[in-house]
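Sharing a structure with you now.
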Amino acid sequence: MALARQDYIAPWWTYWLHNFPHVNLRFQSVDSDFKPEDGNYQQSLIFLACVSAIGLGLSLLVLSVYLTCLFRCQRKEDEEVKRPDTCCVTWAAVITGLVICSAVGVGFYGNSETNDGVYQLTYSISNANHTLDGIGSMVGNSLNNMRVGLKEHLERLDEIFSPRGDYTQSLRFLQQMSNNIIQQLLAMPDTSKVQVDLAAISEQTAFIEYYRWLAYLLLLILDLLICLITCLGLARQSRLLLAGIIVFGVLTLILSWASLGVGTSTAVGTSDFCVAPDKFIVNQTKDSLSSDIVHYYLYCSQTLPNPFQQSLTIFQKSLTTMQIQVQGLLRFSPAVFPTAEKDLLGIQRLLNSSEFNLHQLTALLDCRSLHKDYLEALLGVCYDGVEGLLYLCVFSLLAACAFCALLCALPRAWTLIAIRDRDYDDIDEEDPFNPSRRITAYNPSRAQIHSFCSYSSSMGSQSSLHPPLPATSSTPEYMNQSMLFERNPRYENVPLIGRGSPPPSYSPSMRTTYQSMTDAQIRHFGTDFQV
């Protein structure tokens, strides 16, 4: 590991996350090197998730204290206020909704970036696994040619060439070259175990990533739906919608803090790997591969020798020697031993096939293919993957804070809507200014009411009517006029201004004053205009 990487530089955010304090559950400092199998390192990642759990607990505590104070200490609204001022609550909900929508946008981008990075990782692992599978296939085919096919041909030729010692000597030389090839092929690393590991890693990563992506997508959609339902509930002033928003808002608050904890611990663990990926790979492969082979593929530098070059060279020379021997036998032996030609041609085909496998094996063992897959996997995880996780952490934090503020604003909106409903429902049927009193059916007995002016004439001015009651200190003038025209169907269309209409709202004392006038009006007008 003395050589410096020239083709991969870890991004700055990986170093920033790598420098996060790593503390186990016993509050002891832990080395930040990536060691997923170490118990203390695992506890340090769990500790980061627990920090988010503490944030969730504090949020719920603050929210509970706020709601308790709100419902215990809220002052009673003035009874004359029909529509309480909801401006502050509305603006708080609007601003919170905008923050949530912005957080959702950040979350969609981060979710896409993380998915792209993980896809690049799995794609690179699949390519590397395909390369290793090709290496294992080439080595296996060559071994099978030398051990099985060539052996059968040499055994039959040994019987045929038994009368000729020079020919049998050539056959022993071919067997010796075949043994050299087998020895070099057996020296090749066994890629079957590595293939199994890479295949398992790729499948597990793809499986986990699919459900991670789906979970974040559902969370983002849920946040958007809550924003839309909040706007609808405030616009319609529906307490039922607000109640549902409060329930789902608490659920989303919990999910946001949980996603923040998982995202933070995952991002820190991935950054620990990205800061020194070579060190981790060397430690993982030290029992199965030599350090020369690992360094050759990790760095792929021209200054590093190919650890397989010697084996490949011996393989090539042995094949060339065997082909020369077979061609010599094919030139002279068929004239003496005609039955030997078939086996010699079979050996020649096996050598040609082995030579093709050698060329393919040489290309697959070259470091450039596996090194390219390695770099693409690093770039996918450490750039797109970690960057996406950071955006998802920002989304989770913004969403958690915004939903906490929204849950503080919605109960106030609930209270104001309840006050409005109470004031509008609290209507006295005996209220003389209740518009519903004028909707009642016309009483035929009132057709005999004596009028003070001609009903057939136009409405005219108010001065043509009967003189109003004498004003008293306890009887407002508009009360006299109101009683004069109350529930008189012929005067329903008289302009309100001209009739001395009462103001939209009135105090309870006005009603008391009005009721006290009843006896005086009866004495003055009789029963003609009795209400």
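The values are calculated or read from the model by the stated rules, or taken from the named source; none is laboratory data. Keep in mind that this is a model prediction, so the values were computed, not measured. FYI the Cβ positions are ideal-geometry reconstructions off the backbone, even for glycines, and counts take in every protein chain you see. Each accessible area value is taken on the protein alone, full model and side chains, heavy atoms only, with ligands, DNA and RNA left out. Shrake-Rupley method; radii C 1.70, N 1.55, O 1.52, S 1.80 Å.
With only Lys, Arg, Asp and Glu charged, each at its Cβ (+1 for the first two, -1 for the last two), find how big the charge dipole of segment 197-279 is about the Cα centre; round to the nearest 20 debye.
Approximately 600 debye in magnitude.
I would also like to ask the following. Pop a pseudo-label 7 angstrom from the Cα along the beta-carbon direction at both Phe207 and Asp158 and give the gap in nm to one decimal.
5.1
With no solvent and one equal point scatterer per Cα, compute the Debye intensity ratio I(q)/I(0) for segment 223-297 at 0.11, 0.26 Å⁻¹ and report its log10, rounded to two decimals.
Taken in order of the listed q values, log10 I(q)/I(0) reads -0.54, -1.07.
Starting from the Cα of Cys50, step 7 Å along the direction of its Cβ; do the same at Val62; then give the gap between the two resulting points in nm.
2.3
Another question about this same structure. What pairs in Lys279/Lys317; Lys317/Lys372; Lys193/Lys317; Lys151/Lys193; Lys193/Lys372 have C-alpha atoms more than 25 Å from each other?
Lys279/Lys317; Lys317/Lys372; Lys193/Lys317; Lys151/Lys193
Tally up the carbon and sulfur contribution to the accessible surface of segment 323-398 as a whole percent, 1.4 Å probe, everything protein left in place.
61
Need one value: the accessible area of His22 in square angstrom, 1.4 angstrom probe, rounded to the nearest 10.
Number for this one is 10 Å².
Could you pull the Rg and Dmax for segment 169-227, using just the Cα atoms, both in Å?
Cα only, segment 169-227: 26.8, 89 Å (Rg, Dmax).
Compute the Kirkwood hydrodynamic radius of segment 286-338, taking the inverse of the mean of 1/r over all pairs of distinct Cα atoms, and give it in Å to one decimal.
After inverting the mean inverse Cα-Cα distance, the result is 14.3 Å.
Please list log₁₀ I(q)/I(0) at q = 0.17, 0.25 Å⁻¹ for segment 1-73, using the Debye equation with identical point scatterers on the alpha-carbon positions.
-0.80, -1.10
I'd like the carbon and sulfur percentage of the solvent accessible area for segment 113-226, probe radius 1.4 Å, heavy atoms only, ligands and nucleic acids excluded.
58
What is the ratio of the Cα radius of gyration of segment 341-415 to 2.2 N^0.38 Å, with N the residue count, to two decimals?
Values: Rg = 31.0 Å, N = 75, 2.2 N^0.38 = 11.3 Å.
Ratio of Cα Rg to 2.2 N^0.38 Å: 2.73.
May I ask you to order 378-391, 295-308 by the average number of other C-beta atoms within 10 Å around their residues, highest value first?
Highest mean packing first, the order is 378-391, 295-308.
Going toward the positive end of the dipole of segment 252-356, with +1 on Lys and Arg Cβ and -1 on Asp and Glu Cβ, which of Gln310, Ala276, Leu330 do you reach last?
Towards the positive end, the residue furthest out is Leu330.
Please work out the FRET efficiency for the pair Ile95 and Asp197, using the Cβ-Cβ distance as r and a Förster radius of 41 Å; give the result to the nearest 0.05.
Details: r = 51 Å, r/R0 = 1.25.
So, using R0 = 41 Å, E works out to roughly 0.20.
For segment 167-295, what D do you get in µm² per second when you plug the Kirkwood radius from alpha-carbon pairs into Stokes-Einstein at 10 °C and 1.306 mPa s?
76
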